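Report on one structure; see the data block that follows.
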Amino acid sequence: MTLTVRRRAIASVAAAALVAGGAAGFGLSEAMTPAYAQALPKTPIEAPEHPPGSFASVVDKVKPGVVAVKVRLDDSASDDDDDSSGGPNMQQVPPQLREFFKRFGQGGPGGRGMPQRGGVGSGFIISADGYVVTNNHVVDKAKTVQVTLDDNRTLDAKVIGKDAKTDIALLKISESGSYPYVQFGKGAPRVGDWVAAIGNPFGLGGTVTAGIVSARGRDIGAGPYDDFLQIDAPINKGNSGGPTFNVNGEVVGVNTAIASPSGGSVGLAFAIPAETVQTVVEQLRTDGKVVRGYLGVQVQPVTKDIADGLGLDKAKGALIDHAESGTPAAKAGLKSGDVIESVNGAPVNDARDLSRRIAGLKPGTEVKLAYLRGGKPDVATVELGTLPGDGKVASRSESSSSGQARLGLSLAPASEIGLGDEGVAVMDVDPTGPAASKGISQGDVILDVGGTSVTKPSEVQAQIRAAESNGRKAVLMRVKSAKGQIRFVAVPLTKEG
């Protein structure tokens, strides 16, 4: 009954509006115009350009440049190793999100049920001579790699270089020839832009899905430089490493992660922005590894409370907790309490933003940092150093038999970087390594290994060797976190090779 009355009321209002409109058409006074019309803007909002009615033309153009990637894993990838493919370590993801964020493609957390001795992913060709971009976690620990082209040819490929921090890998098709390739976009997409993803979900090559960019700058806890595009194009296992295209057929991102409680698409996928990919690929192509700039500061975001306490107008920038002695930042005069506001004129939003900007620059680069000290602005010119451990962890193509490398750690004496006189500092962690799987992270200090105090990386290595000679499957470490909490951690010993 209520529904019927409401429909009649609506009909009455519509009829009244029609009469009013008709009366106005015969020249009656403007006073007869319905009152609600006065609230409308004088200039209506113009509709944007009509979105493409079909992605068919774009797909026809770019699909030949997309490949399926098939790998055979080496013997170090154990059957019960969820991180065998190099996906982000779930121990580093906040507990409430560990079951939510799932890697897809050839493995990683959420890859259970997929063959552990081989797997599939996606990739795309970026040059006529056959360079291919994919995810690090697709080809990490691969013994052999093959790519299947759109014309169904399957060709061998070799890994040129890998970067675990951004989850990017560069391959090269072994057979010489001229291959169709795609290009990167020249600008970042906007939220709301149409995109299409092409890849190899569940081994079904050449699959196209479409959606929009639903958010930018997402940090999902997958790595230290998270800056993902969030898209709602359906993405599933096997899409890892595949491209996301804009309506012009340009690559704007590399699909790398999904948010799903089940492992299947629920409309949230994450892609590495093209700008990041290009920077990493350039170094992998020329050097086979990625080396990042280094300031030597520990920073935290400027919260509203901190901004109020410092007398700042906005809660933006990166607050320096500590400038390590002898580092580029310390040499340039930066101190604890300084708030870095910009890098070479580009505003710094928070601590993570600063880390990404510095990491995107090469060692030796001279940068101008605008900062506040005691509320007063100043500028420091800093020549960036080399991030400790870069080149050892970032490029797994450089093998090492040292104990610390096998655990996925880059270490330095804690005394040398201002973290106290005891222990060995963790400078960097390979997110695919055994140490990361047990929650050891950058900034931790290893106090003793196997019950023996350590102050040098060589002493850590010696204790690892001793544990191995005693037939141990794990080495026990006492570790102090960056927050001062001390705990024991048993790190599994992987096979040397």
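Taking GLY192 as the residue in question, decide whether it is in a loop (DSSP other than H, G, I, E, B), over 22 Å from LYS61 (Cβ atoms), in the same structural domain as ALA128 (by TED's automatic domain parsing) and free of Cβ contacts under 8 Å to residues at least 40 places away in the same chain.
yes
Per the conditions (1) at pLDDT 55 or above; (2) over 19 Å from ASP321 (Cβ atoms); (3) buried (at least 22 other Cβ atoms within 10 Å of the Cβ), the sole criterion not satisfied by LEU387 is (2).
Only one of GLY375, GLY364 is more than 27 Å from VAL479 (Cβ to Cβ), more than 28 Å from the chain's Cα centre (by Cα) and either modelled with pLDDT of 90 or more or not assigned by TED's automatic domain parsing to the domain that holds VAL445 (or both); which? Going through GLY375, GLY364 in turn, just one is more than 27 Å from VAL479 (Cβ to Cβ), more than 28 Å from the chain's Cα centre (by Cα) and either modelled with pLDDT of 90 or more or not assigned by TED's automatic domain parsing to the domain that holds VAL445 (or both): GLY375.
With the requirement that a residue be in a loop (DSSP other than H, G, I, E, B) and without any contact (Cβ under 8 Å) to a residue 40 or more places away in the chain, what does segment 343-387 give you? The answer is ASN344, GLY345, VAL348, ASN349, GLY364, GLY374.
Every residue, every condition in (1) of a type in the set (A, V, I, L, M, F, W, C); (2) in a loop (DSSP other than H, G, I, E, B), yes or no:
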position	(1), (2)
GLY267	no, yes
GLN283	no, no
VAL299	yes, no
ASP305	no, no
ASP308	no, no
ASP313	no, yes
ILE320	yes, no
SER336	no, yes
GLU341	no, no
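Of all residues in segment 269-281, count the ones that are assigned to a helix (DSSP H, G or I) and more than 18 Å from ILE160 (Cβ to Cβ).
Final tally of qualifying residues: 2.
The values are calculated or read from the model by the stated rules, or taken from the named source; none is laboratory data. Every value quoted in this text rests on a predicted model; they were computed, and no experiment measured them. We place every Cβ from the backbone using ideal geometry, glycine too, and count neighbours over all the protein chains shown.
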